[in-house]
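> Okay, handing you the structure first.
The values are calculated or read from the model by the stated rules, or taken from the named source; none is laboratory data. Quick caveat: nothing in here was measured; it's all calculated off a predicted structure. Reconstructed Cβ throughout: ideal geometry from the backbone, glycine too, with neighbour counts over all protein chains shown. These accessible areas exclude ligands, DNA and RNA; they are computed on the full protein's heavy atoms, side chains included. Shrake-Rupley method; radii C 1.70, N 1.55, O 1.52, S 1.80 Å.
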Amino acid sequence: MKDRYDVVIVGGAVIGSAVAYFLTANPDFKGSVLVVERDPTYLRAATSLSSSSIRTQFSNPVNVRISQFGSEFIRNFAETMQVGDDRPDLGFHPGGYLFLANTDEQERTLRENHAVQIGCGADVVLWERAELAQAFPHLNVDDIRLASYGRSGEGWFNNTGLMYGFRNKARELGAEFIKDEVVGIGREGDRVTSVTLASGATVSAGTIVNASGPRAALTARMAGLDIPVEPRKRTIFVFDCATTPEGTANVNAGRLPLMIDPSGVFCRPEGKFFLSGCPPIEDPAADWDDFEPRYDEFETIIWPALAERSPAFEAIKVVNQWAGHYDFNTLDHNLVVGRHPEVANFIFANGFSGHGLQQGPAAGRGVSELITYGSYRTLDLSEVGFERIVENRPFLERAVI
Ligand SMILES: Cc1cc2nc3c(=O)[nH]c(=O)nc-3n(C[C@H](O)[C@H](O)[C@H](O)COP(=O)(O)OP(=O)(O)OC[C@H]3O[C@@H](n4cnc5c(N)ncnc54)[C@H](O)[C@@H]3O)c2cc1C
């Protein structure tokens, strides 16, 4: 490790690794990159505990375009990220999201969101009840007024594969990754100058990037700044289904979508099982070390909603569960990517609130453009910049899960 780097990235999971990759892969960037990661097992990183899905069905064009780039990038990942003989295939499973609406308001929202998505070129269709019943005959659609389905560009993939792909390629291209914890940030007026590590070293930095996930606010505070991001617990349940919705036990339910029930309960195939979750009833900030699943959510919220939606989901059994922390932006539940208005060489890539895996490629590319060129060159991410936080001006996105 040297005593000075052009860019020091705090956190080396998907966001930190993506920033390191996009910087080092850009021939116009001539600098040095250090990524500091306190726990390279990544056991508790949001990246590792994610449900690893990507959708273009957002209500804001910026989010649609971020995921369109993510989807394209993930499809070509093995080729782009090849290191030696290792081609990190992310096993992208192209299952669309299926949003179901059963109230006037939900129907109106799906129609309005659809117009935005189509305007961005996303491959999303609206289905009336009869078309929905024909597409997925196992569903009980009696109460459904409208469905919205992503025909392509959506699905699920290997979460840690995405992170390690970025990380390994960035290392090959010259980024240094170290195991240590940033415990202090030096600041002189409108500039950050250095990071202090738990091991005792101090490293000077031209630019610092906050990629510390749910811990983003702790990192910001080291430089005397605030960002409204806190850890919020989400529990994922994997269940076995005696009879798959296709009618045959234990076949790969490949054709089934990632369904978002009107209740907010979601469910998608995961190999021969299904993966599910729900919005929590109460949602306080989680303790940093509290990763205890909320076991009761399955019995009280998820199972009743799924059994009501499909007879195939009446006999299901949990085979695994885990809890992770969303990097939750309490202002507007969306990413904050950009320079701090008062401290221009401190860049934030935080607050993804449940979408950070799919948004990793676009966020990494965007931050690398800010550092290399001083402005965005491809997708303009100014709307999700830090200014709106300071001005208390929420970014509007209605399709939050
Ligand atoms: C249950 C669950 C389901 C999800 N489902 C999806 C999904 O389907 N699709 C999707 O796109 N997104 C999803 N997400 C969100 C997504 O996983 C996150 O937004 C994304 O992984 C955030 O990546 P990150 O690198 O910013 O944070 P993290 O993965 O948490 O990584 C931050 C890293 O920073 C390190 N760090 C923190 N502080 C310091 C420090 N001071 N010094 C050094 N290192 C430090 C940490 O050790 C950690 O490794 C989900 C999240 C959860 C919890």
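> Going by the conditions given, is Leu146 among the hydrophobic types (A, V, I, L, M, F, W, C), away from the ligand (no atom under 12 Å from the Cβ) and in contact with a Ser or Thr (Cβ under 8 Å, 6 or more places away or on another chain)?
Details: among the hydrophobic types (A, V, I, L, M, F, W, C): yes; away from the ligand (no atom under 12 Å from the Cβ): yes; in contact with a Ser or Thr (Cβ under 8 Å, 6 or more places away or on another chain): no.
No; evaluated as a whole, the condition is false for this residue.
> Mind listing whichever residues of the range 34-65 are of a type in the set (S, T, N, Q), more than 9 Å from the ligand (Cβ to nearest atom) and more than 28 Å from Ile208 (Cα to Cα)?
Thr56, Gln57, Ser59, Asn60
> For the list (1) more than 19 Å from Asp327 (Cα to Cα); (2) assigned to a loop (DSSP other than H, G, I, E, B), I need the number of the one condition that Pro394 fails.
It is condition (1) that Pro394 fails.
> Still on this structure, please answer the following. Six or more apart or on different chains, Cβ atoms under 7 Å: show the pairs whose first residue is in the range 344-358 and under 30 Å from Gly189 (Cβ atoms) and assigned by TED's automatic domain parsing to the domain that holds Thr219 and whose second is within 6 Å of the ligand (Cβ to nearest atom) and in a loop (DSSP other than H, G, I, E, B).
Hits for this filter: Ala349/Ala211.
> Another question, if that's okay. Here is a check on your reading of the model: is Glu154 within 16 Å of the ligand (Cβ to nearest atom), of a type in the set (Asp, Glu) and within 18 Å of the chain's Cα centre (by Cα)?
Working: within 16 Å of the ligand (Cβ to nearest atom): yes; of a type in the set (Asp, Glu): yes; within 18 Å of the chain's Cα centre (by Cα): yes.
Yes, satisfied.
> Just to verify a result, which residue in the range 14-54, among those that are touching a Gly at 6+ places or on another chain (Cβ under 6 Å) and not in a helix (DSSP H, G or I), is most open to solvent (accessible area, probe 1.4 Å)?
That would be Glu37.
> Another one. Applying the selection to the range 1-13, what residues are within 16 Å of the ligand (Cβ to nearest atom) and assigned to a strand (DSSP E or B)?
Residues satisfying the conditions are Tyr5, Val7, Val8, Ile9, Val10.
> With the requirement that a residue be under 21 Å from Leu357 (Cβ atoms) and either assigned to a loop (DSSP other than H, G, I, E, B) or free of Cβ contacts under 8 Å to residues at least 12 places away in the same chain (or both), what does the range 332-343 give you?
Scanning the range 332-343 gives Asp332, His333, Asn334, Leu335.
> Modelled with pLDDT under 95, open to solvent by less than 40 Å² (accessible area, probe 1.4 Å) and not small (Gly, Ala, Ser): which single residue out of His138, His114 fits that description?
On the way: His114 fails: modelled with pLDDT under 95.
From the options His138, His114, the qualifying one is His138.
For every residue, the table says whether it meets (1) touching a strand residue (DSSP E or B) at 6+ places or on another chain (Cβ under 6 Å); (2) over 21 Å from Ser382 (Cα atoms); (3) not assigned by TED's automatic domain parsing to the domain that holds Val384.
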site: Lys30; (1), (2), (3): no, yes, no
site: Leu34; (1), (2), (3): yes, yes, no
site: Gly70; (1), (2), (3): yes, no, no
site: Val83; (1), (2), (3): no, yes, yes
site: Asp86; (1), (2), (3): no, yes, yes
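> Looking at (1) in contact (Cβ under 8 Å) with a residue 40 or more places away in the chain; (2) not assigned by TED's automatic domain parsing to the domain that holds Met163, can you tell me which one Gly213 breaks?
In the conditions (1) in contact (Cβ under 8 Å) with a residue 40 or more places away in the chain; (2) not assigned by TED's automatic domain parsing to the domain that holds Met163, Gly213 misses (2) alone.
This table checks each residue for (1) within 12 Å of the ligand (Cβ to nearest atom); (2) assigned by TED's automatic domain parsing to the domain that holds Ser48; (3) within 23 Å of the chain's Cα centre (by Cα).
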residue	(1), (2), (3)
Arg171	no, yes, yes
Phe177	yes, yes, yes
Ile185	yes, yes, no
Gly206	no, yes, no
Thr244	no, no, no
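> Sticking with this one: Could you list, in sequence order, all residues of the range 371-388 that are open to solvent by 10 Å² or more (accessible area, probe 1.4 Å) and in contact with a strand residue (DSSP E or B) (Cβ under 6 Å, 6 or more places away or on another chain)?
If the condition is that a residue be open to solvent by 10 Å² or more (accessible area, probe 1.4 Å) and in contact with a strand residue (DSSP E or B) (Cβ under 6 Å, 6 or more places away or on another chain), then Ile371 is the only one that fits.
> Does the range 349-356 include one or more residues that are open to solvent by 10 Å² or more (accessible area, probe 1.4 Å), in a loop (DSSP other than H, G, I, E, B) and within 16 Å of the ligand (Cβ to nearest atom)?
First, pick out the residues of the range 349-356 that are open to solvent by 10 Å² or more (accessible area, probe 1.4 Å): 354, 356.
Those left that are additionally in a loop (DSSP other than H, G, I, E, B): 354.
Adding the requirement that they be within 16 Å of the ligand (Cβ to nearest atom) leaves 354.
For the range 349-356, residues open to solvent by 10 Å² or more (accessible area, probe 1.4 Å), in a loop (DSSP other than H, G, I, E, B) and within 16 Å of the ligand (Cβ to nearest atom): present.
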